[in-house]
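Following: one structure in structure tokens, then a few remarks.
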Amino acid sequence: QVQLVESGGGLVQPGESLRLSCTASGSISSINVMGWYRQAPEKERELVATITNSGVVNYSDSVKGRFTISRGNAKNTVLQMNSLKPEDTAVYYCKVNGRRVAGPLSDFWGQGTQVTVSS
């Protein structure tokens, strides 16, 4: 099994910060891209940020300048979220693009962690 474990979600006030972490484990052998997506109630799941194994990052315009994605190691990514806004409230999902041993490239998803920004 491929396991993606997310942590760091919670309830904060507008303007505060959260740090999300995602670690992959299990049968995955290599990872090309790690990233974060989010889904608010009654909305489509959307890209937040991604980072490749070479360090290339990509951000949604809505979070650019406030969020920073980094790669701790080959199987870990961290999303630093600053200046949080109520519209950032969503379930945040970790996603990796990689492969099992001798397997094809595929996307793997975590269970999600709730981020709530409210006063």
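The values are calculated or read from the model by the stated rules, or taken from the named source; none is laboratory data. Keep in mind that what you see is a predicted model, and the values were worked out from it rather than measured. As a convention, Cβ positions derive from the backbone with ideal geometry for all residues, glycine included, and neighbour counts pool all protein chains shown. For accessibility, only protein heavy atoms count, side chains too; no ligands or nucleic acids. Shrake-Rupley method; radii C 1.70, N 1.55, O 1.52, S 1.80 Å.
Values as computed for the structure displayed
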| quantity | calculated |
| --- | --- |
| In order through segment 88-101: 3J(HN,Hα) via Karplus (6.51 cos²θ - 1.76 cosθ + 1.60), integer Hz, x for Gly, Pro | 7, 4, 4, 8, 9, 10, 7, 10, 10, 10, x, 8, 6, 4 |
| Binned Cα-Cα distances of segment 56-119, short to long, each 5 Å bin given as a whole percent | 4, 13, 21, 25, 18, 10, 6, 3, 1, 0 |
| Segment 1-49, accessible area per residue, ligands and nucleic acids excluded (1.4 Å, Å²) | 54 |
| Debye equation applied to the C-alpha atoms of segment 1-54, log10 I(q)/I(0) at 0.17, 0.21, 0.27, 0.31 Å⁻¹ | -0.74, -1.02, -1.23, -1.26 |
| Straight-distance crosslink candidates among aspartates and glutamates, where the alpha carbon sits under 13 Å from K85 and sequence neighbours closer than 8 are dropped | E16 |
| Under 22 Å from the Cα of K95 - lysines, other chains or at least 8 residues apart | K43, K64, K75 |
| Orientation-averaged projected area, Cα convex hull of the chain (nm²) | 7.0 |
| Rounded percent of accessible protein surface that carbon and sulfur make up, segment 41-94, 1.4 Å probe | 48 |
| Using a Förster distance of 22 Å, the FRET efficiency for S62-D107 (Cβ separation, nearest 0.05) | 0.50 |
